[in-house]
Amino acid sequence: MHLLQKLGNAKTEANYHAYYLTLIKDGTANGATSNAYLTSSNVPFETKCIIMKYRTGTLNNQKHAVLFNLSTSQTCPLCPQVDNALHILSGCQHTQIRNIMITERHNIACRMILKAIRKTGSLGSCIVSMDIGSNERMTMQNLQIPETAESRIVPKWLFPPRFSDKDRFTSSRPDFVLVTPIAAKTQN
């Protein structure tokens, strides 16, 4: 939170506030980047509202409906899980949501991150592998796969020497593998 802003009656002992403070203190959060959607003309106002509701724990869900006596069940209407903000945005295991919506929404977010990395200029060529959707989907967001990241499989040189190819091909595929250059040390 900006120093000029006041917290007012905000609950500073809440998980959201504590988590945000942790991100700020350890340098993980970059305020300019994580809040860029607020000033972006590419993000619709309704989407900005949903993001703010998610960040503040006020996104409407069954858990809230029970609190406000609008429902008697905290269960998701589509699957047998407790419905909350995280469940809505990324965890519902209903077949259609899991297979289509979550994967594509995740890939769209990754492609937005790729655009931001490319915008900085210096790190675009450091991507050595990525798995963020098909070439057609990349083209829909005006992106091309960098020449350095043609493969969706993590390069062999990033694994320990005794790591088998079978294990390398079946291990988790990260969205991006970005390898930054090491600055040369100068001798005095």
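Rule-based calculations on the coordinates, nothing more; no lab input. Everything numeric here is computed off the predicted structure, so don't read it as measured data. Neighbour counts are summed over all protein chains in view; Cβ atoms, including those assigned to glycine, are modelled from backbone coordinates with ideal geometry.
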Please list, in order along region 105-110, the HN-Hα scalar couplings obtained from phi with the Karplus expression 6.51 cos²θ - 1.76 cosθ + 1.60 (θ = phi - 60°), rounded to whole Hz, x for Gly and Pro. 4, 4, 5, 4, 4, 5
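Filter 25/166; 25/185; 25/53; 63/119; 25/156 down to the pairs with a C-alpha to C-alpha distance above 32 Å, please. Walk me through the numbers before you get to the answer.
Values: 25/166 41 Å; 25/185 29 Å; 25/53 23 Å; 63/119 40 Å; 25/156 36 Å.
Beyond 32 Å between Cα atoms: 25/166; 63/119; 25/156.
Just rank 112, 130, 101, fewest to most, by other beta-carbon atoms within 10 angstrom.
On the way: 112 18, 130 24, 101 13.
Least to most surrounded, the residues fall as 101, 112, 130.
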Kindly write out, for region 39-55 in residue order, the coupling ³J(HN,Hα) from the Karplus curve 6.51 cos²θ - 1.76 cosθ + 1.60 (θ = phi - 60°), rounded to whole Hz, with x marking Gly and Pro. 9, 6, 7, 7, 9, x, 4, 4, 5, 4, 5, 4, 4, 5, 5, 5, 5
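For a footprinting-style exposure proxy, rank 177, 43 by other Cβ within 10 Å, fewest first.
On the way: 177 18, 43 14.
The fewest-first ordering by Cβ neighbours comes to 43, 177.
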